[in-house]
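Notes follow once the structure below has been shown.
Derivation of every value follows stated rules applied to the coordinates shown; laboratory data play no part. Fair warning: this is a prediction, and the values are worked out from it, not measured in the lab. Positions of Cβ are backbone-derived with ideal geometry, glycine not excepted, and every protein chain shown enters the neighbour counts.
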Ligand code: SAM
C-alpha cells in the first residue's frame, strides 16, 4: 500500500489520525516484506495481527498465511478494512468464517474461502478477558506503541503462547526484549518474555517509513517460543515475583531485596548452592540463573 493510497483513503473518509492510538502506518514496501519474511509464513499458518490500521501488513499476511485474525480498536479503520478486504472476510466483523456454510444456491460460482477474521476491540482487554490457546498461531504485528509491552507480556506468558512473535515496536522496547545479561536494556521485560521466547533477530525501521513519522525510532523483533519450556507452569508466579522484586531497585543487592518475600536462611542456602554472590545485583544474573533460583526457592524445606 503506497503512501499516496493511504493519504487518499484517509482524506476520502475524512479520518483524522489519533495520536494516542499510535496511528503511524507503515507504507514502506521493503520493510513490510521484511516483517512478513521474518515470520516465515506458509499457507498452513494462522496469524494474529494486532492493530491492522489501514491494512498494509494485513494485505501481505493474507497473501502468505492461511488465516488472519486481526484486532483493531478504531471503528473507522475497521470499516476501511472491511471494505478493503471484503472478498476475504465476507465483509463481516467478529464472525469466525465457516467454509461449510457455502449456500447451495451459489451454483457454479467458486468462492474464495474467507481468510480474514476481523475483530473491533481493544486487543489488550480482549487478550486479558478471553484466555485463548494461541499455540498454533504466530503474532505478526506493527503494534500500537503505548500498549506494546503489556500486549507482549500478556501473550507471551503461559504455555498457550503463540509459537512466534514478530512485532514492530519502539526501538527502546525492542532492545529490552532482545537484551542479554548485564546490558543496559536487560530487565523485567527481558526476563518475562525471554522465559518462554528466545530472541531470533531484529532490524531497525527508520521513522520515514511510517505515515505520519513517529517521534521515536522503531524496530521489528522476532522471538521464537522455547520448546520445551524452561519452567513448569505452576512455578511461573514465583519466577515473576522474584524477577520483579530483584529489579525493584536496580542498584541494590538482590539478596537484600528478596528478603522482603523469602526467609533469609532459604535465600542464603539457594545463593550458595547456585554459586551466586550474596552481593550480586539483578542485572548480572542470567535468565537461566533466575530460573534455577526459582526452582531452589520453591523446594520444600
Ligand atoms: N498495522 C498498521 C500498519 O503497519 O500500518 C497500523 C499500525 S499502527 C502503529 C497501530 C494500530 O493499532 C492503529 O491502527 C491503532 O488504531 C491500533 N490500536 C491502537 N490501540 C489498540 C488496541 N488497544 N487494540 C487494538 N488496536 C489498537
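If the viscosity is 0.692 mPa s and the temperature 37 °C, what translational diffusion coefficient in µm²/s does Stokes-Einstein give for the chain when Rh comes from Kirkwood over Cα pairs? The partial results should precede the final answer.
Numbers: Rh = 21.0 Å.
So the translational diffusion coefficient is about 157 µm²/s.
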Relative contact order of region 233-297, defined on C-alpha pairs under 8 angstrom at six or more residues apart (%): 40 percent
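Kindly rank 75-87, 158-170 from highest to lowest mean number of other beta carbons found within 10 Å of each residue. Display every interim value, and only then the final one.
Values: 75-87: 17.2, 158-170: 21.5.
With the highest mean Cβ count within 10 Å placed first, the list reads 158-170, 75-87.
Using only Cα atoms, what Kirkwood radius does region 233-297 have, in angstroms?
Details: mean 1/r = 0.0866 Å⁻¹.
Mean inverse Cα-Cα distance, inverted, gives 11.6 Å.
Nearest 500 deg cm²/dmol is fine: what mean residue ellipticity at 222 nm does the chain get from its DSSP H runs of n ≥ 4 alone, each adding -39,500 (n - 2.57), divided by its residue count?
On the way: 13 runs with 112 residues, N = 301.
Helices in the chain give a 222 nm mean residue ellipticity of -10500 deg cm²/dmol.
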Using Cα pairs under 8 angstrom and six or more residues apart, how large is the relative contact order of the chain, in percent? 15 percent
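Sorting 146, 218 on the 10 Å Cβ count, fewest up front, what's the list? Please list the in-between numbers first.
Values: 146 14, 218 26.
Ascending Cβ contact count within 10 Å gives the list 146, 218.
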Cα atoms only, region 7-50: Rg and Dmax in Å? 14.3, 38
Report, in degrees rounded to the nearest 10, the 0 to 90 angle that the Cα long axis of helix 75-84 makes with the longest principal axis of the chain. 50 degrees
Using the 2.2 N^0.38 Å rule of thumb for compact globular proteins, work out how region 158-244 stacks up: its C-alpha Rg over that value, please. 1.20
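So between residue 251 and residue 157, what do we pick up on full extension, going 0.36 nm a residue minus the alpha carbon distance? Intermediate results must be reported in sequence, preceding the final value.
Details: separation 94, 0.36 × 94 = 33.84 nm, distance 2.67 nm.
Additional length available on full extension: 31.2 nm.
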Quick one: order 196, 217 by neighbouring beta-carbon count within 10 Å, fewest to most. 217, 196
Provide, in order from the shortest bin, the percent of all Cα-Cα pairs of region 46-89 in each 10 Å bin, continuing until the bin that contains the maximum pair distance. 31, 62, 7
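Using alpha-carbon pairs under 8 Å, 6+ residues apart, how would you state the relative contact order of region 158-265 in percent? Walk me through the intermediate numbers first.
Numbers: 132 pairs, mean separation 31.9, N = 108.
Dividing the mean separation by the residue count of region 158-265 yields 30 percent.
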Between rounded, prolate and oblate, where does region 192-236 land on the alpha carbon gyration tensor, with a ≥ b ≥ c its root eigenvalues, rounded for a/c under 1.5, else prolate if a/b exceeds b/c? prolate
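Ranking request for peptides 56-63, 207-214, 289-296: highest mean number of other beta-carbon atoms within 10 Å first, then the rest in descending order. Display every interim value, and only then the final one.
Working: 56-63: 21.6, 207-214: 15.2, 289-296: 19.5.
So the order, starting with the most tightly packed, is 56-63, 289-296, 207-214.
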